[in-house]
There are 2 protein chains.
Amino acid sequence: MGTEMVHPDRDAIELTQVLFALSDPGRLEIARQLRDGSLDVAACVPWDPSMPKATKSHRLKVLREAGVIRNEPNGRNRMLTLRRDDLDARFPGLLDAVLGRADT
Amino acid sequence: MGTEMVHPDRDAIELTQVLFALSDPGRLEIARQLRDGSLDVAACVPWDPSMPKATKSHRLKVLREAGVIRNEPNGRNRMLTLRRDDLDARFPGLLDAVLGRADT
């Protein structure tokens, strides 16, 4: 986790990849938790003995590679941030339509 | 193809399933073609010798089961319709955000 992670440039963010990243309930929940601001990984994806670490890591990887979140060093931890500016610029209205709802 | 196909009720349409259905370029293209009105299957998904019939059928099935399109008899053919009213009611702004763009 100490190495620099790759994030796609704004112009390289693809709509279909964003939709796919948000199409899984577990991944969508992570994005929803970041709607109001950045969170430490531990706060955003709480330790859950029933969830394998690989599952959690994979969810973050899919969201990051699609351009939905940034996963960056923050002291000894890592900080997750929703790429709202980039996504709003590329796909106006999409994040609000997807994350704005309390249900589902 | 002569049997009645199942379509989820409006209230049963799930956001994650809609996002998944639209996350494939081939399926997204079908939805985009229906943006301005219903089309015969043959007009919406033109015969393409490079595309197996099973691929075309599967795309329509995923879109229908997610609640994105209706696939209904129309004389000897079948008509595809975007479920705009249902999707706009369930997820305001989503279709416009996803289908409103010419690129991707």
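Here, each number is a calculation from the coordinates, and none is a lab measurement. The structure displayed is predicted, hence computed values, not measured ones. Note that we place each Cβ from the backbone using ideal geometry, even for glycine, and neighbour counts take in every protein chain shown.
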Computed label-point distance, nm, for sites A:Asp11 and B:Ser57 using a 7 Å Cα→Cβ extension: 4.3 nm
Mean other chain Cβ within 10 Å across B:85-98 is 4
Distances in nm from B:His58 to the matching label points in the other copies, shortest first (labels 7 Å along Cα to Cβ): 1.9
What does the charge add up to near A:Met5, with Lys and Arg as +1, Asp and Glu as -1, over the other residues with Cβ less than 12 Å from its Cβ? +1
Under the rule of -39500 (n - 2.57) per DSSP H run of 4 or more residues, summed and divided by the residues of chain A, what mean residue ellipticity at 222 nm is obtained, to the nearest 500 deg cm²/dmol? -12000 deg cm²/dmol
Along Cα-to-Cβ, 7 Å out, sits the label point; list in nm, shortest first, how far the one on B:Glu29 is from those in the other copies. 3.6
Return the lysines within reach of A:Lys61: Cα separation strictly under 17 angstrom, same-chain partners fewer than 8 residues apart disregarded; answer none if there are no such residues. A:Lys53
Could you give the distance between the Cα centres of the range B:1-66 and the range A:61-104, to the whole Å? 28 Å
Do you know the relative contact order of chain A, to the nearest whole percent, from alpha carbon pairs under 8 angstrom that are 6+ apart? 34 percent
